[in-house]
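The values are calculated or read from the model by the stated rules, or taken from the named source; none is laboratory data. Here the structure is a predicted model, which is why all the values come from computation and not from measurement. Ideal geometry is used to build each Cβ from the backbone, glycine not excepted, and the neighbour counts take in all protein chains shown.
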Amino acid sequence: MSIISDFDHKPDSVIASQQQENQLIQSEKISLSGMHCAACVQLIEFRVRQLPGINLFKINTATHKAEVVWQSEKNNIKNIISAIIHLGYGALPATQSPGEFEKKESKLALWRLFIAGFAMMQIMMYAFPAYLVPVPQVDGDLTPDLDKLLKIASMLIAVPVVGFSALPFFKAAWRDLRNRHIGMDVPVSLGILLTFFASVWATFRGGVVYYDSAIMFVFLLLSARLIESKVQQKTTTALRVLTQLVPVSAQKLISYPQSREVLTLDASALHIDDLVLVAPGDHIPADGIVLEGHSECDEALMTGESRPVLKTVGDNVIAGAINTNGTLIIKALKVGMETHLSSLIEMMETAATEKPPIVLLADKHASRFLSIILLIALLTGIFWTFFEPDRALWIAISVIVVTCPCALSLATPGVMSAAIGLLAKNGVLIKNGKAIQTMAEATHFVFDKTGTLTVGKLRVAQQLLQRDVPQAESIAFLLASGSGHPAARAIADALAAQNENTSEMQVTNMHEVAGGGIEALIDNRSYRLGSIDFALGLASTSGLKDPQFFEIPTAMREATVSVLADEDGVMMVFALADTLRVDAIETVKKLQARHKKILLLSGDRDEVVQAVARDCGIDDARANLSPADKFNIVQSLQAEGAIVVMVGDGMNDGPALSLANVAVAMGQGAPISQTRSDVLLMSNRLSDLDFGFVVANKAFRLIRENLIWAIAYNLFAIPAAVIGWLEPWHAALGMSLSSLIVVLNALRLYLLPQPEYAVTEVLI
């Protein structure tokens with residue numbers, strides 16, 4: 001069989017120009033360190049995007065990695081990393097291991113926390129008498145000399161805390177000021193320094209000191225950041241585990257099948273069509289197909305499938321899966337960054353970067369909020385100098401310290417990463433982070449039928465030769481082989497055995513029509529395979545003769561029917577049998593119990609669609625729909641105020657998926673449906689869709705709780721500090737606890753019960 005494509009050819013000059021342009025565009029991932037709030041992210045992104053030749057720079061706040069795309073003729077990765085380091089942050093290519101650097105920084109952070117904690121315990125012994133007994137003017141238990149001695153002792157204990165433990169805050173604040181940017185560390189540093197030096201002044205000139213407040217502030221803030229770091233590691237567990245699964249090495253077969261001599265090389269050095277030997281216990285280094293062997297593969301972290309999947313000759317395998325027992329020989333079909341695993345990592349990182357709309361406002365104005373707080377603190381200090389000059393400075397410091405803008409944006413990446421990681425472990429891949437909020441607010445769930453509510457693994461239950469045409473089966477086989485639609489695959493499988501030799505037939509102009517079927521010229525004659533209307537349309541437009549009248553046989557009325565036709569009418573009829581997914585009915589019922597409106601939209605015939613709708617308990621089912629019809633229905637629902645989640649797997653679902661508020665594609669679906677989706681059900685379990693809704697709803701609720709708490713805290717704390725109700729140590733405690741509360745609140749997502757599966761359906 002020879003297949004001739006009729007694609008438009010571009011001029012060689014255009015192709016050469018595009019190839020040259022692609023060579024000039026380079027991309028890299030960079031690991032970052034030293035970021036603590038949204039203002040840090042804003043600063044780095046703003047500065048790097050100003051560099052010449054930068055096409056894209058985007059920071060993933062969950063993984064502390066950045067994706068950068070630049071023009072090689074205008075810039076290079078060394079300059080980009082140098083620019084980030086010049087800002088005061090750590091940066092290095094993501095391919096390089098930061099192991100020793102991270103260990104050193106982690107050890108230093110623990111020492112800073114230990115010194116601050118030890119000093120806080122010691123200084124309380126000296127501060128305690130001053131809180132209980134006022135300094136006497138004539139006589140009393142605490143004499144002026146003893147009071148001054150305790151203050152000097154407190155000052156000496158505070159020096160290593162301010163000079164060592166708090167040093168990261170000062171460096172970061174100086175970096176921000178040097179770049180004309182207000183970050184979270186600016187008010188933090190001001191609060192620490194003003195409290196310390198004002199206390200030093202009061203130590204020798206008389207007055208109240210707050211060394212204990214300064215040390216407590218440093219200790220609580222260091223503790224909060226340490227906990228935030230641990231929470232961040234927990235919430236990005238799934239992503240980090242996936243990253244670790246990227247195969248390091250591969251056993252390439254050199255002269256197979258003559259011998260099994262292997263060459264060990266880096267997995268990234270494999271090429272398409274290379275033959276690879278995968279021993280038991282090894283990671284599969286590339287997406288490919290099994291040529292020899294029999295084994296089981298653990299694909300749990302990529303698909304959510306909890307049990308090993310049987311693999312034999314002809315089966316597909318995916319990079320990162322673990323070969324559990326037998327030896328396999330595979331042919332590499334996708335390598336390097338093109339593999340299924342690399343796509344998963346890329347999409348998860350992208351999703352973790354994107355934030356729900358409700359959060360964007362808080363992040364956008366983080367720096368502006370800090371500037372306003374500093375202005376309020378200044379005005380507050382000036383105001384109090386006219387009434388109680390002795391308290392003016394301390395009240396101004398309390399205003400600076402008590403505010404917590406990081407709570408407005410700090411915990412959101414934690415919730416998002418936790419949700420994305422939790423769903424990924426259960427076979428649900430979030431490609432667009434905004435889908436979390438939208439899915440939580442969804443009002444309508446729209447389902448396709450074939451491959452979505454049904455398994456999509458159709459089989460030919462009955463075939464009927466309508467006209468005695470030579471080689472009709474061979475023609476049907478050639479057309480079906482050119483499509484990935486479940487119906488076409490079923491027909492091709494059914495006809496494969498008796499139509500192995502079709503090489504003498506010439507196939508040209510083959511193309512697929514969404515919602516219709518396949519059309520091609522075979523030996524210079526037009527044929528169509530697909531829906532009845534589509535196939536008979538060839539006869540009605542030929543102008544040669546009237547289309548043959550066709551009526552579906554009674555035995556095929558409730559089956560999916562595909563027909564083969566030429567310009568003279570129907571040649572063959574295929575009745576295709578399909579079965580509901582085992583969890584389809586339960587999933588629909590759960591969504592209905594959550595007061596969601598369910599619709600079934602299908603291009604199949606009405607009898608078939610109504611039968612599926614009846615089994616699933618769906619009241620609104622519409623049949624005989626073209627891709628444009630599905631698009632228009634979704635559009636009309638949105639015009640009425642509906643928030644639509646569209647679930648589909650076929651090429652004809654592409655337009656509706658692109659329009660839906662949240663597009664959900666099945667893992668075994670057509671590539672076009674997957675590329676236009678926001679959520680990918682890699683497990684192919686519909687029950688995971690309901691679990692995804694539960695997680696999205698919980699995550700969005702946690703985000704709202706965090707924002708409400710942060711806003712309410714600031715609305716109460718700032719006025720309380722302005723009117724003098726809060727001492728500096730109160731402010732330090734409140735600010736640190738505010739951050740910790742929203743961060744720890746994100747961990748409540750892990751309290752959700754995990755789904756259990758009695759029957760597993762994974763079709764990779």
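Just one of the numbered conditions (1) assigned by TED's automatic domain parsing to the domain that holds GLU388; (2) assigned to a helix (DSSP H, G or I); (3) in contact (Cβ under 8 Å) with a residue 40 or more places away in the chain is not true of LEU726; which one? So the condition that LEU726 fails would be (2).
Has region 506-514 got at least one residue that is within 30 Å of ASP688 (Cα to Cα) and assigned to a strand (DSSP E or B)? No, the conditions are met nowhere in region 506-514. For GLY669, the criteria (1) modelled with pLDDT under 90; (2) in a helix (DSSP H, G or I); (3) surrounded by 21 or more Cβ atoms within 10 Å (Cβ to Cβ) hold in every case but one, which is (2). Entry remark, region 492-519: residues being at pLDDT 75 or above, out of contact with any helix residue (DSSP H, G or I) (no Cβ under 8 Å at 6 or more places or on another chain) and not charged (D, E, K, R) number 5 in total.
One residue alone among SER417, SER474 is under 25 Å from ILE552 (Cα atoms) and not in a strand (DSSP E or B), and that residue is SER474.
Looking across region 252-292, the residues that are surrounded by fewer than 18 Cβ atoms within 10 Å (Cβ to Cβ) and not in a loop (DSSP other than H, G, I, E, B) come down to VAL262, LEU263, THR264, LEU265, ASP266, SER268, ALA269, ILE289, LEU291, GLU292. If the condition is being over 17 Å from LEU190 (Cα atoms) and either assigned to a helix (DSSP H, G or I) or touching a residue at least 24 places away in the same chain (Cβ under 8 Å) (or both), then region 375-387 contributes PHE383, TRP384, THR385.
Note on region 581-606: residues that are touching a residue at least 24 places away in the same chain (Cβ under 8 Å) and surrounded by fewer than 16 Cβ atoms within 10 Å (Cβ to Cβ) amount to 3. For region 410-461, the candidate set comprises residues that are modelled with pLDDT of 80 or more and among the charged types (D, E, K, R); within that set, the residue that is surrounded by the most Cβ atoms within 10 Å (Cβ to Cβ) is ASP448. Counting the residues of region 615-637 that are of a type in the set (Ser, Thr, Tyr) and touching a residue at least 12 places away in the same chain (Cβ under 8 Å) gives 1. Could you tell me whether PHE534 is buried (at least 19 other Cβ atoms within 10 Å of the Cβ), modelled with pLDDT under 90 and aromatic (Phe, Trp, Tyr)? In short, yes.
The residues on offer are ILE152, ILE182, and the sole one that is of a type outside the set (Gly, Ala, Ser), surrounded by fewer than 20 Cβ atoms within 10 Å (Cβ to Cβ) and modelled with pLDDT of 70 or more is ILE152.
One line per residue, one yes/no per condition, for (1) surrounded by fewer than 20 Cβ atoms within 10 Å (Cβ to Cβ); (2) part of a helix (DSSP H, G or I):
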residue	(1), (2)
MET571	no, no
LEU576	no, no
VAL612	no, yes
ALA628	yes, yes
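Taking the conditions (1) surrounded by 20 or more Cβ atoms within 10 Å (Cβ to Cβ); (2) free of Cβ contacts under 8 Å to residues at least 40 places away in the same chain in turn, GLU640 satisfies each one other than (1). I'd like to check something: does region 337-360 contain any residue that is closer than 30 Å to SER249 by Cβ, crowded, with 16+ Cβ neighbours inside 10 Å and modelled with pLDDT of 75 or more? Scanning region 337-360, I find at least one residue that is closer than 30 Å to SER249 by Cβ, crowded, with 16+ Cβ neighbours inside 10 Å and modelled with pLDDT of 75 or more, so the answer is yes.
Does LEU479 qualify as being crowded, with 24+ Cβ neighbours inside 10 Å and touching a Cys at 6+ places or on another chain (Cβ under 7 Å)? Considered against the rule, which asks whether it is crowded, with 24+ Cβ neighbours inside 10 Å and touching a Cys at 6+ places or on another chain (Cβ under 7 Å), LEU479 comes out as no.
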